[in-house]
Structure formats: C-alpha cells, structure tokens
Amino acid sequence: MSSFEPTEEQAMLVDAVKRYSSNDLRPAAHDADEEREFAFDLLEKGWELGILQASIPEEYGGFGDHSAVTGVLAAEELGWGDIAGGLAVMAPAAYVIPILLGGTEEQKKNLILPVIEAEWKPYVAAFNEPQFDFYAGEMSTTAQLEGENYVLNGEKVRVPFADKAESILVFANLDGKTQAFIVSPDAEGLQVGEREALLGIQALPTYSVRFENVTVPFEARLGGEEGFDPELVFASSNVAAAALGVGLSRGAYEYARDYAKEREAFGGPIAQKQSIAFMLAEMAIEIEAIRLLVWEAAWKLDEGKEDASHAAYVALTGASDMAMMVTDRAVQILGGYGYIREYPVELWMRNGRGIPTFPGLVSV
Amino acid sequence: MISFELVKPIVNVRNMTQMVAENMMRPVSRYYDDHEHEIPWDYINFMHDASQQMGGAFVTDEEEKKEEKPEKKKYPPVGYQRLAHMAEMLSWGDTGLYLCSPVGLLGAAAVSATGTPEQKKRFLSRFSGEKPVFDGMAMTEPHAGSEMPSQTRTTAVLDGDEWVLNGEKIFVTAGHKSLIDSDGFIVVWATIDPEAGRAGVRPFVVEAGTPGCTVPNVEHKLGIRASDTATVLLQDCRIPFGNILGSPEIEKKTKKGFKGAMATFDASRPLVAASALGIARAALDFLKEILKEEGITLRSGLPRSRMTNLEREVIDMEVMLRSAWLLVLKACWMMDNKKPNNLEASMSKVRAGDVVVKITQRAVELLGTIGYSKEHLLEKWFRDAKINDLYEGTGQINRLIVARRILDYTRHELS
C-alpha cells in the first residue's frame, strides 16, 4: 500500500544523521571549502553513524538489510549538511555497495568486512572520466583479458582520496560492457595525478588516476567470471546523488526563506513581496516533488521493479535541474550577499551544479 | 514504511476506468468537443450503472462504509487515493466527459468535507438512485473569483426555518446538468453576515427544482466543451434550514471563519490536480506513440550532451509528470489518513497546473503539423489543459497559499 512514512528505524537513523549534519557538518562546511580539507575526526564521526553498515546484511558484517530507501533518506540529510562532507563520509559506500550488489559470494565475504568494521578509511571508486560527454554505459577506460589477467588502460577523474586509497574499485569497458575491478593503489602502471581543482565540493580531495597496462588477477573482476549487471549499480549511484541534491536544495531553500523573513526593504520583510514569496513557494514545491521522485525510484530499486533503472535516471535528471534552480534562486534572494563567500548560498550554488557528475562518487 | 505499491481496490479502479477511457471516451471525444453542450448520455448512463455496481457515490463517508462492511477493513483508508486514480484515468480518456460523470464530484466533495453525517447520507445517497444525477460547486461571482470569500454578494438570510438566497454565481461546472438536466444539487457559498467578510461565508445545498434558482446561461469555452459551465441565478430562492452544511449551532456564529471552503479545497484540489495529470499523460503517451511510429527510439541513462533534443524533451516531461503525480498521491494519502494537507493540496495543484500546460504545449509544438491538426486529439488536450491552471484556484492563488504556509504568514501579512 502507498505510504509516505519512514519506518521507526529509518526515522531514528535520519534523526542521527540530521544531528550530525546540523551540529558538525554544516558548521564546518565553509572553512573546509576554503581550506580544501575536512578534519579526519569529522569524517570519522559521520562514519560512526553507521549509515553504510545499516545497509549491509549481518553475514557480511553489517547490521541491516540493504535498502536504497533508507540510503536516500540518510543521503538527503547529509546533503543538507554539506555535499562535500557527505561525499567524503560516504566515499567507501561507492566501493562497498557495488560489491554488495554485484560481487561473488566470496568477494562479498572478503571485501566488505575490512571496510565497514574499521574506522573510516579511504576505500574508493574510480568511475568518472575526463571527456565532457562521459557516459557510464560506454567508458573509455578499457579492460582486456590477457591470459589469466585483466589489463586496464585509461584515465579516471574525480577519484576521492586516491593519494591514500586503501583499495580502488575501477570501472572499465570490457568488450563494450561496463565492469568493475578491485585494484590496489600500488599496482604497477597506476599513477595518481595532481589533486583536482573544482568549481564546488572543494573540501573533497579528488584526483585523476591514470592506468597504463595495469594488470589485475582474474579474481579481481567484480562478479567473477560472469561479471555483474552494471545497471543496478548505476541506478543506486543515481538515486544517491539525487538524494544529496534534494538535501542541498532543502538547505538552500530554508536559508533563503529565513533570510527573506528577516531582510527588510521598502518598509517590510522582502518575504512579504510576492516576487520573493512566489519564488520560495516554487522552490518548496520543486523540492517536495523531486524528493518523492527520488523516494519512488529508491523504492523501485528495493522492490526490484523492472523500470527501476529508468526511474533512478529520471530522478537524477529532476534532481539536477532542481538543485540548480533552487540554489540559483537562493543566491538571487540574498541579492549581493548571495555572492559573498561569508554566506553559504554561493557554495551551495557551486555544489548544486555538480549533481549530475556526482554519481560514481556515492551509492546507496 | 515508504511504499508506492498499489492496493487491490486501486488496481481495480484503474483497470475499470481504463476500459471506460479507451472504449467509452476516446471514440466520442472529438464529437463532444465539436458539439458543445450536447449531453453525452451514453457515457453518463454507463458510468451511472458502473458506479451503482461499485456502491454509489465515489465520494462517500469511508467510516460509514466500514461499519456496513467490516470485512473491508483489511485495507488502510485509500478513498481519496482511489478517487485520484479514477480522475487521472478518466481525464486521460477525456477530461470534458469526466466532468460529466454522475458520481459525485466537487459538490459531493464539499458535502463530504463539511457536512454532518446526516447531511452526507441525505445528499450523497442521490448518487445511488435510479437515474444519474450531477453536482456542482458555486463559488465564483461576476466581480470576484479568488476574492469571492471576502467580496461575496450572494446572501443567505434566515426566515423562519428556511434560508433565503439571493445572488449570481458564474462558472459553475456542470451547473446546468446538476440543476436542470437531473435531480442533482449544487453547493452555493453565500454570506450569512455581509459585515463579517469571509468569516460570514457558508456552504448551502441548493437542490434541483428549487423555485428561485435558474440557469440563464452556459459559457462557450476554449476547452472542456463537453462539460457545461453555468451561470446560476438565485432570486429569493428558499431552501430548508438543514441545507446549510455543517452543524447549525456553530453556523449561527459568524466569527468562526471560512473553514468549510478550505476543508473542501484540501480535498478537491488534489483531485483536480489528478485530473490535470491525466491530460498530461495522454499528451505524453501520444507524443511517444508518434515517435515510435516514426521509428525514433528514446534512449535512457545518457548525459544531456549525448541526448537528442527529443530525448531531452521527453525525459523532462517524465520528470514533471511523475513528480507532480507523486505530489497528488501524497496529498490524497494525507487526506485519507486525516493528516492536515492544506499545504500539500495547493502544492499538488500548482505543480499539476504548470505541468499539464507545459506538456501539452510542448507536445503540440514538437509534433509540428500533426500536433496542430484536428485529425488528432492532441490539439484538444492543449485546449483542455489550460482550465487546470484556472479553476479550483488559479496557479497564482495556490502559490499564494503555499507561500503563506511555508512563511507562516497570515492573509494580511502576505497578499
């Protein structure tokens, strides 16, 4: 039956993430962006919320069932706190969730536990590529079977914490199909490039990584000989990025709303002018509409519905446009102050534009 | 638990109404658009029989039904969600014909939202009679649309045990069918205390055949031509005391405010939004069908830079349509679960009004000469669509309601 109410467990998790986001992440966001770094303690505190662990079955060391719905509920709250922070805390999810969804039993048993039982460690995914029209279904980075090994060639970008990664899940094109491989950062031919400078999410350290004839054993392929269906992994990543966008937008909208009630012009708060009030009304409607779209897509994923992948893609498309629309308006409502870095909205606008490129950095 | 699963009663109503839409509505859609004000009796009689089999009025008192049939308790309340699915599907068939459904629409919604149990029984039972009857809601006056509550000139004066109504209402959807073509009723909003402004406004049921109530005019419109839009004149129109909706004790005081109309809108706006989205889906389905016939496939999952313009347009329409529909479902779910949904009802109405207008306008444009031709129904949907951004509160009035809610402002603080 239709219901729009989270379960009690979900509500508790959301509450915990909410507290972390408002007490820790949000207050740290500005300086982290300027200094291009988060304190380890902050990431560790977010990691200890157990968002990822709650989505891993007990047999693999977690304490819950995989649920994209739970994941997007938590991701929205992280996005509200700070997207760069959310991406940093959840970076290991982009490594673990694909393994959970596509790994062999052995891979799940061996690879997940070390990530989730320990303190936050940079287990990361290498997904995005430098070409402007990057498409996850047609990657330029290639994998080729040579004897008993796979050989990887190509270039990845936006790989978080690549300089000190414990392990990297590398997505590559194997005979026209996107597959993934567990790669050690020490592998020969793997070269971590300069730290990237980006429009937004500056507090998240990301790198380009080159692969020149990087050889990995046969067993490194996710899903073993059969491989795995990448569609579900893309979809999990799409709804996660979309949910971050919902949270980011909600934060920007709330800030602009509160500001508009305080700021006076022509004899009263600007929120009492329809030109401002209607902008805010449309922002609120947009956010609520896209939030439900994200929820439904996540629910379809959990239920294994046939059109789940498409729904996730639709949700990401909607969330990307919403994030830009809402954050741009937030800047507009603050007027000149919106352009000043002391206020958070310009950061949200920069972060908002990145939503369509965030899949691959995060997964639920 | 968050879920989007459809329960059996909803699946059933979707299947039933889809058959009606495909077989009873689409084939005659063009005819009734061309023959404005001709009454589609075939459709009406069929819907009347169908609704009898389903237990009469579609808007009914859920609790009362449960008392009669306790075994129905196995589902949570889904009455309004079911209505939304029905409205969406029938409007996908033809929204003008849907508005002619003798199943209890806006008037019944007002009775359901503001009436006493006795009144609900008395007025809603009409829909279970032998002959089809219609209902309407009379709010707008020639000088005041959205401002009607505070500016109403329609008066109700208590004289003995009767109310005497005087005034002129316009834009009454199905007003002619309700008052002249059947033994239906309309709900008239009139003031019992002109000094009190909106606080004095109350809903009254005016039944067909009441002396002093006439229908001097029906409008000629851009779209929804199968549905009559009537002027209702009330000249010393006497109705029984008990036809004032709600408890009479409270109704004698005028300070209580204009809550009834608001409660009605909370119920009716999501349903109007649902109906809007039926048209939007019809247009999007048609667009996809033509593209398919032309051998154009629409790919999924690509970044914008790799998409064709048509793919971009279609995916944007899917985002708009689905997200708007989920707002409707949530507003109805809240209604069903007795959660205050004033904000969500207006949100769904704003979004649906925008979406149906955009999708139909874009679809006509994208399909070029086909879209503009009367050989197909798309041009009709383009015309039908616009009413959804106007009736049951324009997009602007609903934005104002949303804005007041989110900003926690009164009418005086934000107007």
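Miscellaneous remarks
- Relative contact order of segment B:289-415, taken over Cα pairs closer than 8 Å and 6 or more residues apart, is 20 percent.
- Highest-fluctuation residue, A:Gly268, A:Gly71, A:Gly176 considered, GNM on chain A with Cα pairs under 10 Å: A:Gly268
- Between 0 and 90°, nearest 10: helix B:259-293 axis offset from chain B longest Cα axis: 20 degrees
- Packing-based ranking, highest mean first, of B:110-116, B:266-272 given that Cβ atoms within 10 Å are counted: B:266-272, B:110-116
- Ranking of B:Thr297, A:Thr215, A:Thr178 by count of other Cβ atoms within 10 Å, fewest first: B:Thr297, A:Thr215, A:Thr178
- Placed amide H near A:Leu190: partners under 5 Å, 5+ positions off or other chain: A:Glu212
- Across segment B:29-39, computed HN-Hα scalar couplings (Karplus, 6.51 cos²θ - 1.76 cosθ + 1.60, θ = phi - 60°) run 4, 5, 4, 6, 6, 6, 10, 4, 6, 6, 7 Hz from first to last residue, x flagging Gly and Pro.
- Segment A:93-109 - phi-based ³J(HN,Hα) in whole Hz, Karplus 6.51/-1.76/1.60, Gly and Pro as x: 5, 5, 8, 7, 4, x, 5, 4, 7, x, x, 6, 3, 5, 4, 4, 5
- For the segment A:152-159, counting C-beta atoms of other chains within 10 Å of every residue's C-beta and taking the mean gives 0.
- The distance separating the Cα centre of segment B:1-50 from that of segment B:342-374 comes to 20 Å.
- Distance violations [Cα-Cα > 27 Å] among B:Lys131/B:Lys338; B:Lys330/B:Lys374; A:Lys261/B:Lys349: B:Lys131/B:Lys338; B:Lys330/B:Lys374
- Anisotropy class of chain B from Cα gyration tensor, a/c 1.5 cut: prolate
- Between helix A:274-303 and chain A: long-axis angle, C-alpha atoms, 0 to 90°, nearest 10: 30 degrees
- Summary of the geometry: segment A:313-364 and segment A:1-48, compared by the centres of their Cα atoms, lie 18 Å apart.
- The distance linking segment B:136-170 with segment A:186-210 is 70 Å (Cα centroid to Cα centroid, whole angstrom).
- GNM top mover of B:Phe171, B:Phe382, B:Phe46 - chain B, alpha-carbon springs below 10 Å: B:Phe46
- Footprinting exposure proxy ranking of B:His143, B:His412, fewest other C-beta atoms within 10 angstrom first, gives B:His412, B:His143.
- Shielding by partners for peptide A:271-280, expressed as the average number of C-beta atoms from other protein chains within 10 Å of each residue's C-beta, is 5.
- Longest exposed-site-free window of chain B, the sites being GluC sites (Glu not before Pro) in a DSSP loop that have at most 10 other C-beta atoms within 10 Å: B:131-293
- Prolate/oblate/rounded label for segment B:135-216 (Cα gyration tensor, a/c 1.5): oblate
- Against the main long axis of the alpha-carbon atoms of chain B, helix B:342-366 sits at an angle near 40°.
- Counting Lys and Arg as +1 and Asp and Glu as -1 over every other residue whose Cβ lies under 14 Å from the Cβ of A:Val214, the net charge comes to -2.
- Cα gyration tensor shape of segment A:318-363, rounded if a/c is under 1.5, else prolate or oblate by comparing a/b with b/c: oblate
- Using the Cβ-Cβ distance between B:Asn45 and B:Asn309 with R0 = 45 Å, the FRET efficiency computed as 1/(1 + (r/R0)^6) comes to roughly 0.45.
- Counting every other Cβ atom within 10 Å of each residue's Cβ, A:Phe234, B:Phe4 order from fewest to most as B:Phe4, A:Phe234.
- Of the trypsin sites (Lys or Arg not before Pro) found in segment B:322-379, the ones in coil according to DSSP and having at most 15 other Cβ atoms within 10 Å of their Cβ are B:Lys338, B:Lys374.
No value in this document is a laboratory result; all are computed from the given coordinates. Treat the numbers as computed from the prediction; the structure is a model and nothing was measured. As a convention, Cβ positions derive from the backbone with ideal geometry for all residues, glycine included, and neighbour counts pool all protein chains shown.
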